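Reviewing the structure listed below.
Where a number appears in this text, it was derived from the coordinates with a stated rule and is not lab data. Quick caveat, the model's predicted, so the values are computed rather than measured. Counting neighbours? That spans all protein chains shown, and the Cβs are built from the backbone with ideal geometry, glycine included.
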Amino acid sequence: MSSIEQQLAAMQEQMATLQAQMAQVVNPTPMQSVDDATPATLHSLSTRPHYEWTPSETQINIMNMDVPIHTSKPMATADRKAIIEAYPPVAQLEYRSPATIPSAEKNMNKGQKIEDNSLKHLQYQASAILRPLDVLAHEMLAQDPNTPHLERFCTMLADARSLVIDLCSTITQTRLNIAYRSVDPSFSVKTESEVGYIVPLEEFQQSISQQAAAKKAIREASALRRPRRRFPNGTPNPASFSNGSNQQFFRPGPPSQQGGFSNNNNINSSNNYTHNYTNNANNSNNNFQQRSHKKNTNPFRQ
C-alpha cells in the first residue's frame with residue numbers, strides 16, 4: 001500500500017471519529033436514572049478506606065477555603081442578609097423556623113426560652129444555605145443541559161441539600177425536647193413526625209398525657225413494692241397511729257401508774273433514799289438533844 005493510500009485511510013478514520021463525536025453532541029446520551037442499582041462515580045477523588053485531598057490554590061481563593069469552619073468570626077448581619085437576598089427563594093418552600101408550641105412556651109423558664117429562641121434563629125440561618133444551592137442547580141439544568149457530567153454535579157448538590165435539611169430537622173428535635181422538658185424534666189420526644197409547629201399540638205398533648213400516666217404508674221408500683229418495717233412481739237408501727245380520739249398519745253392517771261423509763265425509776269429511788277436519810281438524821285439529833293436535857297436537870301450530877 002502506497003503512502004497516499006495510507007494517508008487516505010487515516011483521514012477516513014479521523015472523519016469517522018469526528019462524525020461519532022458530532023452525533024453524541026446532537027443526540028446526547030440520556031442521564032442515568034437515580035434509582036439505578038449501580039450509580040456512576042460522582043467525582044475523581046478516592047473515599048475508601050480514608051483519603052484526604054488538597055485543593056488547588058485557585059479553588060482555595062475562589063471558595064475562601066482558608067477560613068476556619070468553627071472558630072471564624074460570625075458574619076455581620078448586613079453581610080449575611082446581602083448574601084441571602086442575592087438568591088431568590090423557591091416558591092412554596094418554607095424557610096422560616098417553626099413556631100414554639102404556646103402551651104409549652106408558658107411552662108418554659110427563662111433559660112429554656114433563651115435556648116429555644118437561639119435554636120430558632122439558627123434554623124433560619126441554616127435554611128438560607130438552600131437558596132444558593134437551589135439556584136446553582138437551576139442554572140446548571142437551564143444553561144448547560146447537555147453537559148456530560150451534569151448528573152454527577154446535581155447529585156453532589158442534592159447530597160449537600162440533604163445534609164442541610166438534616167441539620168434543620170435535628171434542631172427541630174432539640175427544640176421539641178426543650179418543650180417536653182418544660183412540662184416535666186423526664187419527658188422527651190419519642191417518635192419523628194411532620195411538623196407545623198415543631199410538632200402537631202394534638203400529638204404533643206397526647207404524648208404528654210401518655211408519659212405522665214406512665215410515670216404515675218411507675219411511682220405507684222414502686223410504692224407497693226417497698227417493704228414495710230416490722231416490729232418484734234407484735235408491736236405496731238409507730239407510723240400507723242392516727243390522730244383519732246380512740247388512740248390517745250397520753251394515758252390518763254398519775255405518772256406513778258403509767259410506768260416509765262428505767263432512768264425515771266432510778267431518779268425516784270435516789271430521791272427516796274435521800275429523803276429517808278435526812279429523816280433518820282433529824283430523828284437522831286432530836287433524841288440526842290432530849291438526853292442532854294435530861295442530864296442537865298439531874299440534881300445529883302454536876
Discussion item. Pull out all pairs, ordered by first then second residue, where Cβ-Cβ is under 7 Å, the residues are six or more apart or on different chains, the first lies in the stretch 141-165 and is more than 23 Å from Pro98 (Cβ to Cβ), and the second is in a helix (DSSP H, G or I).
Written reply: Asp144/Leu150; Leu150/Met140; Phe153/Met140; Cys154/Ala137; Cys154/Met140; Leu157/Leu133; Leu157/Leu136; Leu157/Ala137
Fill in: Cβ-Cβ under 8 Å pairs, at least 6 apart or on other chains, the stretch 125-137 side of a type in the set (Ser, Thr, Tyr), far side surrounded by 18 or more Cβ atoms within 10 Å (Cβ to Cβ)
Ser127/Ser97; Ser127/Cys168
Worksheet item: Is there any pair with a first residue in the stretch 88-115 that is free of Cβ contacts under 8 Å to residues at least 40 places away in the same chain and a second that is among the hydrophobic types (A, V, I, L, M, F, W, C) and part of a loop (DSSP other than H, G, I, E, B) whose Cβ atoms are under 8 Å apart and which are 6 or more apart or on different chains, and what are they?
Response: Tyr95/Ala128
Worksheet item: Under the condition of being of a type in the set (S, T, N, Q) and over 26 Å from the mean Cα position of the chain (by Cα), which residue from the stretch 63-121 is nearest to Glu202 (Cα to Cα)?
Response: Gln92
Worksheet, complete the sentence: The condition of being outside any helix (DSSP H, G or I) and either β-branched (Val, Ile, Thr) or at positive phi (or both) holds, among Ile84, Ile60, Ile69, only for Ile69
